[in-house]
1. Taking R0 as 45 Å, what FRET efficiency do you get between SER213 and SER344 from their Cβ-Cβ distance, rounded to the nearest 0.05?
2. Can you compute the label reach from SER297? Point 7 Å from Cα along the Cβ direction, backbone N cut-off under 17 Å, restricted to the range 416-432.
3. Tell me, what ³J(HN,Hα) does each residue in the range 148-164 have, in order and in whole Hz, if you take phi through Karplus 6.51 cos²θ - 1.76 cosθ + 1.60 with θ = phi - 60° and put x for Gly and Pro?
4. List every residue whose amide H lies under 5 Å from the amide H of ILE174, counting only residues 5 or more places away in sequence or on a different chain, with H placed 1.01 Å from N in the peptide plane.
5. Projecting each Cα onto the charge dipole of the range 2-435 (Lys/Arg +1, Asp/Glu -1 at the beta carbon, about the Cα centre), which of LEU82, GLY36, LEU50 comes out farthest on the positive side?
6. Suppose R0 equals 41 Å. What FRET efficiency, 1/(1 + (r/R0)^6) with r the Cβ-Cβ distance, do LYS433 and LEU322 give to the nearest 0.05?
7. Which residues make up the longest stretch of the chain clear of chymotrypsin sites (Phe, Trp or Tyr not before Pro) that lie in a DSSP loop with no more than 11 other Cβ atoms within 10 Å, not counting the sites?
8. Give me THR334, THR23, THR248 ranked fewest to most by other Cβ atoms within 10 Å of their Cβ, as a rough exposure proxy.
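Where a number appears in this text, it was derived from the coordinates with a stated rule and is not lab data. The model shown is predicted, which means the values in this text are computed figures rather than measured ones. All Cβ positions, even for glycine, are placed from backbone atoms using ideal geometry, and neighbour counts span all protein chains on display.
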Amino acid sequence: MVRLAGPLVFTQLAQMGMGVVDTVMAGRLGAVNLAGVALGGVVFWPLLLLVAGIVMALTPTVSQLHGSGRSHEAGEAVRQVLWIALASGLVLILLLRNIEPLYHMIGVDPQAIPITVSYLSAISWGVLPVLGYFALRYLCEGLSWTAPAMVISGVGLLLKVPLNYWFIYGGWGIPALGGEGCGWASATVMAFQLIAICVVVRSSRVAVARVFSQFSWPDTEAMWRYVKLGLPIGMSTFAEFGIFSLMTLLIGRLGAETVAAHQIVNNISGLVFMVPLGLGMAASIRVGFNVGANDFSAARRSGWVAIGASFGFALVAVTALLTLGPWAVSLYSTEPQVVAVATSLLLIVAVYQIFDDVQVIAMGALRGYKDTTGPFFIAVVCYWFVSLPVALVFGYGFFEGFNLGVTGYWIGLACGLVCAAVVLVTRFDRVSKKYARAQRGQSEAAL
């Protein structure tokens, strides 16, 4: 599990690192630029992950084909999913380039809106390349080869820093673009990632999937099958990341400094979250492989190993957040108000860390069984019917005496994550136990 998860964790950290680079470099331009990039990111990433979740249907599909010795059939699955990515990606681009009225309607800081809109317009050029990259990356991971994504993401992160500097501050024929430059740098890196993964898939052991061996027209029946499997994955991801985004938009009413502090804490907690997220992907691959091989006892064991590992990591993460948190905040901003608010919010992050880590592992393990619809409804209930009401009560100020501002919003997030962890772990236990029991029954019947 660790050998498989290690590259995945590094990949997720590198992907998240690009957002950290944006936050740090935009933050050095002031709270308004940081708020502008943050308000753009909280719309872009959940919508992208919604579409990417459909593409993620490839991971359990390919891993089960791999486990049953039919890896050569994976290429057709990839080609059909790429058609889905193309269609949904074009819709996403259109939405991103016409979303400015949303910010005015919510009433976020008007100084940040022009930066946000230009950032989204720039980064939208990377939507189709990054969706293609995700599809081929999930093919590699479904075949239990996680190193390519690790290397490509690492190189992409190294490219992101100089590209950010170039587009933000200008030079060599490029004008200084400020926060908008972060979007152009990200789009450029996404194009590089697609080119790199295409080279890997065509000229490595992944060529066994025969992705580029032929052209396939859209097969509506197959595409619908992948949409039914992947859409709940995307919606589950959107439900979780979307609630964080909505909170950021609502916090946007509290001023640029508060948004900046919230974004810093979001960045730090997101970095920590990348470790269990990578471990959850590994759990999905291992569980899916064992399900494909009809070894349901091993599938159940793989899931519990990952959950136990995430719990151990969470204890380390809590300690690090409580001891190193203030220092980490100071790397993002030197404005006293921003630093003070961000440091206080890290205490809440430390409290819910264990539950956040465990719930994403349970979600990943369930995907290995192709159990995606149930977890989607769980995510919706926990994040939108638990987190949101609590956040509105304590953060929005509906009731006199309960208005805690930005702290209240984070309390709401914590409540939803605790709920999700309990319910998803319970569901994994029941689903995995049902499959393992059925396998034992078949073995006894054979004897």
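1. Working: r = 56 Å, r/R0 = 1.25.
That pair, SER213 with SER344, gives E of 0.20.
2. 432
3. Using θ = phi - 60°, the values come out as x, 5, 4, 5, 5, 5, x, 5, x, 5, 5, 6, 4, 4, x, 5, 4 Hz.
4. Placed amide hydrogens put nothing under 5 Å from ILE174.
5. LEU82
6. Numbers: r = 36 Å, r/R0 = 0.88.
The computed FRET efficiency comes out at 0.70.
7. Counting only loop sites that pass the neighbour cut-off, the longest clear stretch is 216-397.
8. THR334, THR248, THR23
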